[in-house]
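Colleague: Below are the structure tokens for one structure; questions will follow.
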Amino acid sequence: MIRSMTAFGSARADLEQGSLTLELRSVNSRFLDLYFRLPDDLRHLESPLRELLTANLGRGKIEVRVTYTRNAAAGLDRLDTQWLQMLAEQLETARRILPETESPRLVELFNWPGQRNNDALDPQAWGAAGMQAAQEALTQLQEARVREGERLAAMMRECAVSIGKIVTDVEQLLPQLLADHREKLAAKLRETVEAAFPGGFSHISGPELTERLAQEANLFALRIDVAEELSRLRSHLAELTHILSDGDAAPKPAKRGGGSAGKRLDFLFQEMNREANTLGSKAGSVEVTRAAMDLKLLIEQMREQAQNLE
């Protein structure tokens, strides 16, 4: 499955005691890096959240942010009256010195550190709400990753089509390059012999001249023979099509390690760039040199896109 590493997902879970919001933010990374921003009261969620994300994501830097709010009405019947009486006495004492001291609001009473019944959340209820929100946020994140991955794959397919056209053009150009060189070599050889030995062709037999021309042409052909490089480029394009076609398959849980599409593509583009470099070093004409430069540009564009893939 072709998926981008850049995405966002969020979900909210409501329960009687309040509500919980969970956000997942994903950006590029070579490996799977998880960062949690959890309230102390919900720190117990980190372990199950880590298991959930590890099982479903292969690469990316994932930030998990959880916030919650409590309903004041949820615990009205559980307020500690003795604690309230003690707080009232302390408030009266403070007003003797600071007459303008205001009374705390009801919401503040429920969130007061000294309120004994507000010390901790119900771990089971809030834990279940947190995992419910995590599942929904993960679904959004994965869907966004797939949509972005499809756009990146489409861009790489366009580049692959252009690369295939360049390879075809170079293949069609090679026979003419060799023929042109044979003509230039024959003309230069005639000029050289005539300059050194006027009428020198009478001392060189036809077979000798033909053999010399054949040797020089073969040496040049070896230098400019890029059929092997072009063949490997076509093979790499076929592998690229195969990897990108995995995006049409049914979604599967991401696998960690070397099987990720992003890593496979990164290696593939390194090999394609090597062939383009060799093509440029063997270039026997300006046209082939330009073709090699265009290939390198297209390969680099695809490599940059592949760095965004999981």
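The values are calculated or read from the model by the stated rules, or taken from the named source; none is laboratory data. These figures come from a predicted structure and were not determined experimentally. Counting neighbours? That spans all protein chains shown, and the Cβs are built from the backbone with ideal geometry, glycine included. Just so you know, the surface numbers come from the protein's heavy atoms only, side chains and all, with ligands and any DNA or RNA stripped out. Shrake-Rupley method; radii C 1.70, N 1.55, O 1.52, S 1.80 Å.
Colleague: Quick one: which of Ser29, Ser47, Ser19 is outside the structural domain of Arg303 (by the TED database) and in a loop (DSSP other than H, G, I, E, B)?
Modeller: Ser29
Colleague: How many of the residues in the range 237-283 are open to solvent by less than 50 Å² (accessible area, probe 1.4 Å), touching a Gly at 6+ places or on another chain (Cβ under 7 Å), modelled with pLDDT under 90 and not polar (S, T, N, Q)?
Modeller: Residues meeting the conditions: 2.
Colleague: Are there any pairs with C-beta distances below 7 angstrom linking a residue in the range 15-41 that is more than 16 Å from Arg145 (Cβ to Cβ) to a residue that is among the aromatic types (Phe, Trp, Tyr) and not in a strand (DSSP E or B), with the two at least 6 apart or on different chains, and if so which?
Modeller: What qualifies is Leu20/Trp126.
Colleague: Quick one: Phe8 ticks every box in (1) open to solvent by 70 Å² or more (accessible area, probe 1.4 Å); (2) over 30 Å from the mean Cα position of the chain (by Cα) bar one, so which box is it?
Modeller: (2)
Colleague: Hey, could you check the range 46-65 for residues that are open to solvent by less than 30 Å² (accessible area, probe 1.4 Å) and at pLDDT 95 or above and say which is farthest from Gln307 (Cα to Cα)?
Modeller: Per the criteria, the residue is Leu49.
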